[in-house]
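Some notes on the structure that comes next.
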Amino acid sequence: MDILSITLIGTAVCALGTTLGAFIIVSLKKTNNILMAGIIGAAAGLMLSVVTFDLIPEAIEVGGLFLALLGTLIGIVFAIILDSSLSHFEIVKKYGKHIKTAILLILALSAHNFPEGLAIGVGFTKEIKFGIELAIVIAVHDIPEGAAVAAPLIQSNLKPWKILLLTGLTALPTAFGAFFGAVLGNISNMFTSICLGFASGTMLYIIVGELIPESKELFKGIFSTISTLIGIILGLLLVSYF
């Protein structure tokens with residue numbers, strides 16, 4: 001399969017998964033704080049499962065514990081710096097703190113989607129059947145991630161088409177990853193491990209520092225906690241069976 005086709009498939013797969021997740025959230029619309037607390041809590045749980053049971057173990061397997069931890073720490077520091085800086089941006093002042101959470105998520109998922117694209121590109125160079133299977137798995141993984149980005153954007157009162165557009169933009173790094181994966185056929189294990197760790201670190205910071213507190217703030221009761229736990233369990237099932 002030619003490089004252009006592989007790149008287009010990688011982009012389409014990620015865009016389809018994330019946009020579908022966002023579309024589900026947009027379709028629900030902003031009904032009440034209990035529902036939004038549940039959605040954001042469940043999204044946090046899902047992402048936490050993906051990070052702890054999939055991304056970090058894969059980073060360790062590919063490059064070892066040291067590189068995985070290094071990438072994770074770099075990702076956390078990056079998220080802290082970004083979090084501190086975003087408050088001064090005009091878009092955050094206009095739409096509120098929810099847009100800040102969403103921007104952090106978009107950047108974190110973009111970092112996550114680059115190695116996904118690499119995996120698709122390398123997979124197709126080895127065997128078309130393997131590449132297709134990998135693309136389907138990644139598309140399924142991207143659905144809850146799209147939902148996680150869309151949930152805080154709903155709270156910021158952005159128009160639905162803008163939410164879908166912003167969520168879909170997270171697919172662009174997948175295109176670059178698929179292209180480089182197809183060109184190189186294989187990528188440095190060191191680079192891949194650090195990249196996966198970086199994505200894990202940024203996502204962990206956002207989950208712990210933004211999503212879970214936001215879910216709790218929207219609804220003070222136990223429901224937000226239960227939603228997060230349900231998300232963790234669903235994420236574990238997703239990682240295990242896909």
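The values are calculated or read from the model by the stated rules, or taken from the named source; none is laboratory data. Please read all numbers here as calculations on a predicted model, not as lab measurements. All Cβ positions, even for glycine, are placed from backbone atoms using ideal geometry, and neighbour counts span all protein chains on display. Only protein heavy atoms, including side chains, enter the accessible area calculation; ligands, DNA and RNA are left aside. Shrake-Rupley method; radii C 1.70, N 1.55, O 1.52, S 1.80 Å.
Observations on the structure shown:
- Proximal aspartates and glutamates relative to Lys129, as straight alpha-carbon distance under 18 Å, when same-chain residues fewer than 8 apart are discounted: Asp2, Glu116
- The stretch 140-242: C-alpha gyration tensor shape, a/c 1.5 cut-off, then a/b vs b/c: prolate
- Val51, Val239, ranked by accessible area, largest first (probe 1.4 Å): Val239, Val51
- Taking 0.36 nm per residue of separation and subtracting the Cα-Cα distance, full extension of the segment from Lys220 to Ile24 would add 68.1 nm.
- Spin-label pair Val77/Trp161, simplified geometry with 7 Å Cα→Cβ offset, distance in nm: 4.3
- Each Lys or Arg adds one and each Asp or Glu takes one away; over the other residues whose Cβ falls under 12 Å from the Cβ of Ala43, this sums to -3.
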